[in-house]
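Reviewing the structure listed below.
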Amino acid sequence: MNIIVMEKIGFCYGVDRSISITKQVKDLYPKPWILLGPLVHNDIVNQELLDNGFEMLKNKNEIENFQNVTFISTAHGINPNLIEQIKKNNNTLIETTCPIVLKNNNKIIDYAKKGYDVIYIGKHNHQESDGIIDYIKLIENVEDINNLDLNNNLVVLTNQTTMSIKDINDCTEALLNKYPNALIDTIICPATKERQVALLKHLDEYHGEFDKWLIIGDKLSNNTRKLSELTKNYTNNYHFVENINDVKVIDFSNTINLLVTSGTSTPNSVINEIVEYITKNIQ
């Protein structure tokens, strides 16, 4: 079996940065250290933090009850109203938001203040979209655009940074058909886009009966789910796996080419463990 690992794999810059900042908190700030949610969408990463003394906030409505606490934002951003609540009662906020997400959110707030209806392609109840929810009209697909009823001449389309190229293209076409004067200001995180482009390039070649795909990442990771959705458009011979236990139950018989990719919050250690297991036990 020929194992092909994609060129771009493992943590992206934003995830790596968020984890690095959070780990430094232990040496710089007193306990308690409370995460405002899963730091990144990978259970292995989050569990390691919990095992090392960090706590996870269960209900954001309880923030006003905390005093002298060190809160840590997630890599996905934080609602500005929440920032105000946190800074009361002598609490400290450590920002670990991905710089790309932060830049996109600041842009969205600016559009909203200028009177635009900001149409935002994203996922309901995702931390990134929740972080900017007060300034946007959240849509998930073309159908949601068809249901829009806007009377504003100022309309702009933007998005959650981990959506797929297909999501963006489909929604852009639909919005311009309905609102021809709409401004398009979409963005896909470069690491997310690089992985999608590499995946599509290889899918063109490897989508036959004897090709199999592994998409490695947490089920909560939107950018990983998008890799899975793109793969599904080409082949059913794929598996969305989180860890080595998921891989051990897969039937690799008759597989000639095995292609491996991952989401941007998947640790290299997990990828390496999976590839090593397949190399030793399946070849």
Mind checking which residues of the stretch 155-178 are among the polar types (S, T, N, Q) and more than 14 Å from Lys107 (Cα to Cα)?
Thr162, Ser164, Asn169, Thr172, Asn177
Do you know which residues across the stretch 209-267 are in contact with a helix residue (DSSP H, G or I) (Cβ under 8 Å, 6 or more places away or on another chain) and of a type in the set (Gly, Ala, Ser)?
Gly217, Ser262, Gly263, Ser265
Here's a check for you: in the stretch 96-134, which residue that is open to solvent by 70 Å² or more (accessible area, probe 1.4 Å) and of a type outside the set (Asp, Glu) is modelled with the lowest pLDDT?
Asn125
The residue that is least open to solvent (accessible area, probe 1.4 Å), considering only those in the stretch 208-233 that are farther than 16 Å from Thr264 by Cα and among the hydrophobic types (A, V, I, L, M, F, W, C), is Trp213
What's the number of the condition Gly77 fails, among (1) in contact (Cβ under 8 Å) with a residue 24 or more places away in the chain; (2) open to solvent by 20 Å² or more (accessible area, probe 1.4 Å)?
(2)
Any helices (runs of 4 or more DSSP H) falling wholly within the stretch 90-166 and containing at least 1 residues that are touching a residue at least 40 places away in the same chain (Cβ under 8 Å) and acidic (Asp, Glu):
127-130
Quick one: would you say Phe71 is of a type outside the set (Gly, Ala, Ser), part of a loop (DSSP other than H, G, I, E, B) and either modelled with pLDDT of 95 or more or at negative phi (or both)?
no
List the strands (runs of 3 or more DSSP E) inside the stretch 185-279, counting only whole elements, that have at least 2 residues being at pLDDT below 95.
none
Failed criterion for Ile83 (all others in (1) closer than 14 Å to Leu36 by Cβ; (2) at pLDDT below 95; (3) touching a helix residue (DSSP H, G or I) at 6+ places or on another chain (Cβ under 9 Å) hold)
(3)
Ala191 fails exactly one of (1) closer than 27 Å to Ile121 by Cα; (2) out of contact with any Cys (no Cβ under 6 Å at 6 or more places or on another chain), namely (2)
Considering each residue of the stretch 20-31, count those that are open to solvent by less than 40 Å² (accessible area, probe 1.4 Å) and either assigned to a loop (DSSP other than H, G, I, E, B) or more than 27 Å from Asn61 (Cβ to Cβ) (or both), and give that number.
0
Only one of Asn236, Asn272, Asn243, Asn268 is touching a residue at least 40 places away in the same chain (Cβ under 8 Å), of a type in the set (S, T, N, Q) and open to solvent by 70 Å² or more (accessible area, probe 1.4 Å). Can you tell me which?
Asn268
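The values are calculated or read from the model by the stated rules, or taken from the named source; none is laboratory data. Fair warning: this is a prediction, and the values are worked out from it, not measured in the lab. Glycine also receives a Cβ, built like all others from the backbone with ideal geometry; neighbour counts cover every protein chain displayed. Just so you know, the surface numbers come from the protein's heavy atoms only, side chains and all, with ligands and any DNA or RNA stripped out. Shrake-Rupley method; radii C 1.70, N 1.55, O 1.52, S 1.80 Å.
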